[in-house]
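Novice: Sharing a structure below in structure tokens format, with a few things to ask.
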Amino acid sequence: MDRVTEKEVQAEKVMIEAADHALREKRDPVRMLRVLSIQASAVSSSSGTEQAPVRLDLSQEWHVLAERVRGSGAPILLKRLTPPTLSALRSALSPRAWEQKVFPNVLHFSGHAWNEGLVFEDDLGQMHPASTDEILEALHCLPGHLDLVVLN
């Protein structure tokens, strides 16, 4: 059995906390479009042999995305996954989120891709090239379904 890290527990709670916030604002998260955003821009390669891709200004992209969602007035629950790791993604898409009706409808990935998958980060912010097989494994046997996956 894998040891659950504090970061994975935080990732599991990301949509639950967003739903709690919506409830405090008198909005029903069950009736909202729930979007989980992963924004990965590694600062270096963990192995030192691969060159990290060009650093993206994802903080600006996140700011614009969040502003547009707020300004739209639409019932959208937008939350950013931190850290942007594959293990955090697995945790955020947990059965607990499904049971509490805060499982995301949309998964939005911003970052780099490579010829065999997407570039996530590791816990230290270093590059973690995740193969398509690794990503599919992380998304296999979800407690619910995703309506849309956006790869940006």
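The values are calculated or read from the model by the stated rules, or taken from the named source; none is laboratory data. Predicted model only: the values in this text are computed from it and were never measured. Cβ: placed from backbone, ideal geometry, glycine included. Neighbour counts: every protein chain shown. Surface accessibility is based on the protein's heavy atoms, side chains included, excluding ligands, DNA and RNA. Shrake-Rupley method; radii C 1.70, N 1.55, O 1.52, S 1.80 Å.
Novice: Is it the case that segment 51-67 has a residue that's part of a strand (DSSP E or B), open to solvent by less than 60 Å² (accessible area, probe 1.4 Å) and not charged (D, E, K, R)?
Specialist: no
This table checks each residue for (1) basic (Lys, Arg); (2) under 28 Å from Lys26 (Cβ atoms); (3) without any contact (Cβ under 8 Å) to a residue 12 or more places away in the chain; (4) in contact with a Phe, Trp or Tyr (Cβ under 6 Å, 6 or more places away or on another chain).
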| residue | (1), (2), (3), (4) |
| --- | --- |
| Leu93 | no, yes, no, no |
| Gln100 | no, yes, no, no |
| Leu107 | no, yes, no, no |
| Val119 | no, no, no, no |
| Leu136 | no, no, yes, no |
| Leu139 | no, no, no, no |
| Leu142 | no, no, no, no |
| Val149 | no, no, no, no |
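Novice: Could you tell me which residue of segment 84-140 is farthest from Trp62 (Cα to Cα), considering only residues that are crowded, with 16+ Cβ neighbours inside 10 Å and hydroxyl-bearing (Ser, Thr, Tyr)?
Specialist: Out of the qualifying residues, it is Ser94.
Novice: Taking interchain pairs and intrachain pairs at least six residues apart, which have beta carbon atoms under 6 angstrom, with the first residue in segment 54-66 and under 14 Å from Glu121 (Cα atoms) and the second open to solvent by less than 60 Å² (accessible area, probe 1.4 Å) and part of a loop (DSSP other than H, G, I, E, B)?
Specialist: Listed pairs, sorted by first residue: Arg55/Ser41; Leu56/Ser41; Leu58/Ser41.
Novice: A further question on this structure: Mind checking which residues of segment 66-124 are over 18 Å from Val150 (Cβ atoms) and among the basic types (Lys, Arg)?
Specialist: Once the filter is applied, which keeps residues that are over 18 Å from Val150 (Cβ atoms) and among the basic types (Lys, Arg), segment 66-124 yields Arg70, Arg90, Arg96, Lys101.
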